[in-house]
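These notes concern the structure reproduced below.
The values are calculated or read from the model by the stated rules, or taken from the named source; none is laboratory data. Remember, predicted model here, so these are calculated numbers, not experimental data. Cβ placement follows ideal geometry from the backbone for every residue including glycine, while neighbour counts extend to all protein chains displayed. Accessible surface is based on the protein model in full, side chains and every heavy atom, while ligands, DNA and RNA are left aside. Shrake-Rupley method; radii C 1.70, N 1.55, O 1.52, S 1.80 Å.
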Amino acid sequence: MANNEAKRVKDSTGYVLFTAINTIIMILVCVVTLYPFLYLVAQSFSSEEAIMMGQVSIIPKGFNFETYKSVLAKGDFLRSYKNTFIYSVIGTIASLVFSSCLAYPLSKKELRGQKILTKFVIFTMYFAGGLIPNYVLMRRLHLPNTMAGFIMPSLISTYYVILMKSFFAETPHELEEAGELDGLSPIGIFIRIVIPLSMPIIATMILFNAVGYWNNWYNAFLYLDNKEQWPVAYYLKTIISGASTSADPGEATAEKMQIAANIKSCSMVLMALPIICVYPFISKYYMKGMMLGAVKE
């Protein structure tokens, strides 16, 4: 009976019309979403003349690989890419550990002073020490020109902590009580029960932090004077802004003109490609329920 009813609904004119309209809308959304990226890819492979004349759409005009060669041929680029990978991995792991360790206690109402501590954390979202005090503090701690100097200023985000706190607060207290009865310590409960149930928010935080560290150039601008420690975002920024990354002051003007025409597109493609490759492996967690199969009636 239920199968016949479902079949009747699917065969109805209204359902067919809804499916058609929904499909068209989704196709349009995909086109609108993909077009800017396809345009950047096409522009990065197009000639300077085609770009200047506005002839590039989603198909390269006057196919040219010179910009990629100019960027990839420089040893500094590969070193910066390696630095960015190291900063992103270590920074994401450290940020996840510290943020979760702060968010989990704040999610417990039985914590003494929980409301006051939460307000104190939220206070830092609206009021910060400012650029100069932060810079002086980093200098006093001898952190500039170190990996920690790049990672620590972005180690904990108040917004991420609030998201994780809200998620942890939804964890059924019965599961934690069951862990206590099994002899688990609070740390054991957090690691063996809460974390496995929180994979959706963990995956989200991994993606947010990884993208944040991958695209971060400002910390390098402030705290990394050594060129060998630059992340790729800051390295490409120096090229886009016209700064020379070559020791040779007589670098060819033609090459600089070529880079000036489509370096922005090339750099955006190179920056976005790793994140695009990683995203499909993380996105599956977004659709999973937090308590999938954890609590049974």
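Worth a mention:
- Matching option when the condition is open to solvent by 40 Å² or more (accessible area, probe 1.4 Å), among the hydrophobic types (A, V, I, L, M, F, W, C), closer than 26 Å to GLU66 by Cβ and at pLDDT below 85, among MET199, MET257: MET257
- Positions within region 90-105 being surrounded by fewer than 21 Cβ atoms within 10 Å (Cβ to Cβ), touching a Leu at 6+ places or on another chain (Cβ under 8 Å) and in contact (Cβ under 8 Å) with a residue 60 or more places away in the chain, in sequence order: ALA94
- Any hit, region 68-80, residues being closer than 21 Å to MET152 by Cβ and buried (at least 18 other Cβ atoms within 10 Å of the Cβ): yes
- Single residue of region 104-124 satisfying the filter (more than 17 Å from PHE168 (Cα to Cα) and among the charged types (D, E, K, R)) that is nearest to the chain's Cα centre (by Cα): LYS119
- Filter result for the condition that a residue is in contact (Cβ under 8 Å) with a residue 60 or more places away in the chain and open to solvent by 90 Å² or more (accessible area, probe 1.4 Å), over MET26, MET52: MET52
- Flag if GLU110 is open to solvent by 80 Å² or more (accessible area, probe 1.4 Å), out of contact with any Ser or Thr (no Cβ under 7 Å at 6 or more places or on another chain) and either at pLDDT 90 or above or of a type outside the set (Phe, Trp, Tyr) (or both): yes
- Residue match in region 153-167 (condition: surrounded by 13 or more Cβ atoms within 10 Å (Cβ to Cβ), under 22 Å from VAL211 (Cα atoms) and among the aromatic types (Phe, Trp, Tyr)): yes
- Helices (runs of 4 or more DSSP H) (entirely within region 15-116) containing at least 3 residues that are among the aromatic types (Phe, Trp, Tyr): 75-106
- Some residue of region 159-169 being more than 30 Å from PRO231 (Cβ to Cβ) and not hydroxyl-bearing (Ser, Thr, Tyr): yes
- In region 16-46, the residues that are farther than 13 Å from CYS266 by Cβ and small (Gly, Ala, Ser): ALA20
- Selection of helices (runs of 4 or more DSSP H) fully inside region 160-239 by the criterion of at least 2 residues being acidic (Asp, Glu) returns 173-181.
- Candidates GLY183, GLY149, GLY179: the one that is within 24 Å of ASN226 (Cα to Cα) and of a type in the set (Gly, Ala, Ser) is GLY149.
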